[in-house]
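Colleague: Below: one structure in structure tokens.
The values are calculated or read from the model by the stated rules, or taken from the named source; none is laboratory data. Since this is a predicted model, take the numbers as computed values, not measurements. So basically every Cβ, Gly included, is an ideal-geometry build from the backbone, and we count neighbours across all protein chains shown. Calculation scope for accessible area: heavy atoms of the full protein, side chains included, ligands and nucleic acids excluded. Shrake-Rupley method; radii C 1.70, N 1.55, O 1.52, S 1.80 Å.
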Amino acid sequence: MSPRITEPPRPLPGSTGLDEFMEQAAADPLPVAARYQLVAAARVLVEELYVHLPLKRARYAADPVQRLRLLERRVPSLSEPQFHSELAAVFRDLRDLHTVYQLPDPYRGHVATLGFLVERYVDQDGTPHYIVSKTDRSLDHADFGAGVELEFWNGVEIERAIERSVTAQVGCSPDARLARGLESLTLRPLRTSPPPDERRVLLSYRTPDGRPRETRIQWRVRAAEWHAGRAQDPVPTLTPHLGIDAGNEATRHLKRALFTPYRAPRSPARGPGGVLAYRLAPGRSGPYGHLRIFSFNVASARLFAEQVAEIAAKAPKEGLIVDIRGNPGGNILAAEAALRVLSGHPVAPVRFSLPTTRAALALARSNPGFRDWTSSIRTAVETGEPYSQAFPLSDPEAITAGLPHYPGPKVLIIDALTYSAADIFAAGFQDNGLGSILGTSEFTGAGGANVWTYDLLGVWLPELLGPLPRGAGFRVALRRATRAGRSAGLALEDFGVQADEVHRLTRRDLTLRNKDLLTRAAALLSWAGAPP
């Protein structure tokens with residue numbers, strides 16, 4: 001006999017039903033002329049300013065320019081949802097979370113959610129398990145909560161349902177696609193991801209003591225962040241030093257609002273959303289510090305470095321665990337400044353190159369901040385080089401002048417959602433010899449670029465890039481990141497940073513605040529701090 005299907009007694013606080021939200025979105029469709037305008041703008045970005053175009057053509061046999069030409073011919077025959085889906089798919093198939101189409105209002109700043117998270121662990125015989133790791137309190141009913149194990153999703157075995165989700169994800173490795181597939185089961189940033197096809201989900205699960213249960217949960221839509229009474233994206237649009245997955249930053253804000261385990265006090269360095277947390281982790285020879293950096297999305301690199309220095313100053317001398325799992329990136333200057341604070345010696349920053357196109361040359365000539373890149377772009381007509389000469393974006397020594405540095409042993413924890421500026425931080429950690437890297441996946445998410453928005457590019461190239469309709473937008477990887485130090489010249493995009501050791505998450509990690517993971521990290525610190 002099947003268990004009775006239950007539903008949560010109340011909706012997710014501060015949310016709108018997906019049905020209602022999509023009806024509002026359909027009430028005022030984009031004119032056909034506006035669609036043509038978006039496709040034309042996308043072609044300029046991809047052909048003239050997308051720095052990874054040669055890489056993506058070679059690695060994935062991708063031809064986004066031809067796809068945009070074909071889409072332009074089909075514009076009148078597509079419904080509005082079909083148009084948005086087709087244009088987003090052109091960018092999604094580049095497997096680059098920096099380079100995305102951002103849907104117009106009302107999608108801006110909104111995330112679709114089921115109100116809980118699904119995470120995966122593998123037991124000792126290699127069998128995968130999928131458990132609900134966090135829930136909003138409004139979902140508490142019929143023994144549904146953190147710790148229940150999912151068996152079926154809309155009548156499909158959970159393993160198969162996740163395989164379907166994984167195939168739709170952007171990612172350069174199986175681990176990255178799996179991580180994003182798991183997250184997209186219950187969280188969708190609507191500005192950069194298609195909305196769920198279903199309006200509700202039927203879950204079959206077992207409680208921790210083995211009892212079968214079924215529940216039906218509706219998709220709801222919430223704002224990632226509010227400003228002046230309206231939803232907004234949590235990532236700034238006119239900042240020139242960003243490296244970030246904007247969609248994952250939006251879901252990070254919502255996860256923090258619904259079920260983050262950390263409630264650190266707000267500070268200027270944390271900026272919106274709270275990006276730092278610190279506690280002590282037990283070790284065999286005494287406690288170690290555990291610093292979580294959830295994001296580098298801060299306005300001031302100096303203030304952020306000061307906050308990291310304040311935490312590092314009180315960390316035990318025996319060692320510090322630096323944990324950047326799930327970090328979608330942010331301010332590249334802040335990431336490299338934090339790296340310098342945690343290093344006992346100067347660090348070599350990552351270097352960046354521009355594409356050698358006419359539009360890139362026009363940008364370099366119009367923007368004084370690009371002066372160093374101008375000469376090599378100009379001479380590429382004769383040399384045939386696809387990339388300009390590479391230069392750093394930041395000066396970590398200048399940003400952190402006068403701040404104390406942490407000289408003790410360190411271990412960095414990464415995962416497949418560690419992306420962009422967090423990739424850059426991990427690369428600097430490894431290439432400058434700060435310590436070992438422990439991964440819950442073998443590689444980081446592999447995002448290697450400085451990202452500019454369409455709006456910011458339009459400030460410097462107004463004749464080429466005019467205003468877009470109804471708040472629509474694009475983000476594009478403009479400057480390519482290459483590693484420094486012992487890995488000088490190696491690309492980060494699509495390759496990421498490889499962990500020195502891998503720890504696959506256990507059930508105790510998911511239910512007991514990373515207990516086994518932190519024990520493994522503490523053991524690495526113990527070895528690093530042992531006398532030779």
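Colleague: Compute the length gained on full extension between Ala58 and Ser487: take 0.36 nm times their separation in residues and subtract their Cα-Cα distance, giving the result in nm to one decimal.
Modeller: Full extension from Ala58 to Ser487 adds 152.2 nm.
Colleague: Okay, next question. What is the P(r) of the chain, as percent of Cα-Cα pairs per 20 Å bin from 0?
Modeller: Spelled out bin by bin, the chain gives 22, 55, 22, 1 percent.
Colleague: Counting only protein heavy atoms and a 1.4 Å probe, tell me what percentage of the range 60-167's accessible area is made up of carbon and sulfur.
Modeller: C and S atoms contribute 45 percent here.
Colleague: Roughly speaking, to the nearest percent, how much of the range 271-377's 1.4 Å accessible area is carbon and sulfur?
Modeller: 55 percent
Colleague: Along Cα→Cβ, 7 Å out, is where each label goes; now give me the distance between the ones at Glu463 and Arg206 in nm to one decimal.
Modeller: Going from the Glu463 label point to the Arg206 one covers 6.9 nm.
Colleague: Now for a separate question. Among the listed pairs Lys410/Lys515; Lys255/Lys317; Lys134/Lys410, which are separated by more than 23 Å between their Cα atoms?
Modeller: Pairs exceeding the cut-off: Lys255/Lys317; Lys134/Lys410.
Colleague: Want the number for Glu23 to Glu397: 0.36 nm per residue separation, take away the alpha-carbon distance, what's left?
Modeller: Roughly 129.4 nm would be gained on extension.
Colleague: What figure in square angstrom, to the nearest 10, would you give for the accessible area of Ser487 with a 1.4 Å probe?
Modeller: About 20 Å², ignoring ligands and nucleic acids.
Colleague: Stretched out fully, how many nm does the piece from Arg508 to Arg10 gain, at 0.36 nm a residue minus the Cα gap?
Modeller: Between Arg508 and Arg10, full extension yields an extra 176.2 nm.
Colleague: Determine ³J(HN,Hα), in whole Hz, for all residues of the range 235-243 in sequence, where each value follows from phi through the Karplus function 6.51 cos²θ - 1.76 cosθ + 1.60 and θ = phi - 60°; x replaces Gly and Pro.
Modeller: Result, ordered by residue: 10, x, 9, 10, 9, x, 10, 8, x Hz.
Colleague: Let me ask something additional. Over the range 269-321, consider all pairs of different Cα atoms and compute the Kirkwood hydrodynamic radius from their mean reciprocal separation; express it in Å, one decimal.
Modeller: After inverting the pairwise mean of 1/r, the radius is 11.7 Å.
Colleague: Let me ask something additional. Using Cα centres only, tell me the gap between the range 185-221 and the range 13-78 in whole Å.
Modeller: 27 Å
Colleague: Given R₀ = 30 Å, what would the calculated FRET efficiency be for Lys314 paired with Gln124, taking r from the Cβ atoms and rounding to 0.05?
Modeller: Given R0 = 30 Å and the Cβ-Cβ separation, E is 0.20.
Colleague: Calculate, in whole percent, how much of the Cα-Cα pair population of the range 1-120 lies beyond 18 Å.
Modeller: 63 percent
Colleague: Through the Karplus equation 6.51 cos²θ - 1.76 cosθ + 1.60, θ set to phi - 60°, convert the phi angles of the range 37-47 into ³J(HN,Hα) values in whole Hz; use x for Gly and Pro.
Modeller: 3J(HN,Hα) across the range 37-47, in whole Hz: 4, 5, 5, 4, 5, 4, 5, 4, 4, 5, 6.
Colleague: Heavy atoms only, probe 1.4 Å: what % of the accessible area of the range 399-479 goes to carbon and sulfur, would you let me know?
Modeller: 58 percent
Colleague: Using 1/(1 + (r/R0)^6) with R0 = 41 angstrom and r between the beta carbons of Gln82 and Thr519, what's the FRET efficiency to the nearest 0.05?
Modeller: Here the calculated transfer efficiency is 0.25.
Colleague: Then there's this: Using a 1.4 angstrom probe, figure out how much accessible area the chain has per residue, in square angstrom, rounded to the nearest whole.
Modeller: 41 Å²
Colleague: Let me ask something additional. Grab the beta carbon distance between Glu163 and Glu72, set R0 = 25 Å, and tell me the FRET efficiency rounded to 0.05.
Modeller: Efficiency computed from Cβ-Cβ geometry: 0.15.
Colleague: Kindly work out what percent of the DSSP beta bridges joining two residues of the chain are antiparallel, to the nearest 5.
Modeller: 75 percent
Colleague: Separation of the range 434-455 and the range 362-415 by C-alpha centroid, Å?
Modeller: Taking the Cα centre of the range 362-415 as reference, the centre of the range 434-455 is 16 Å away.
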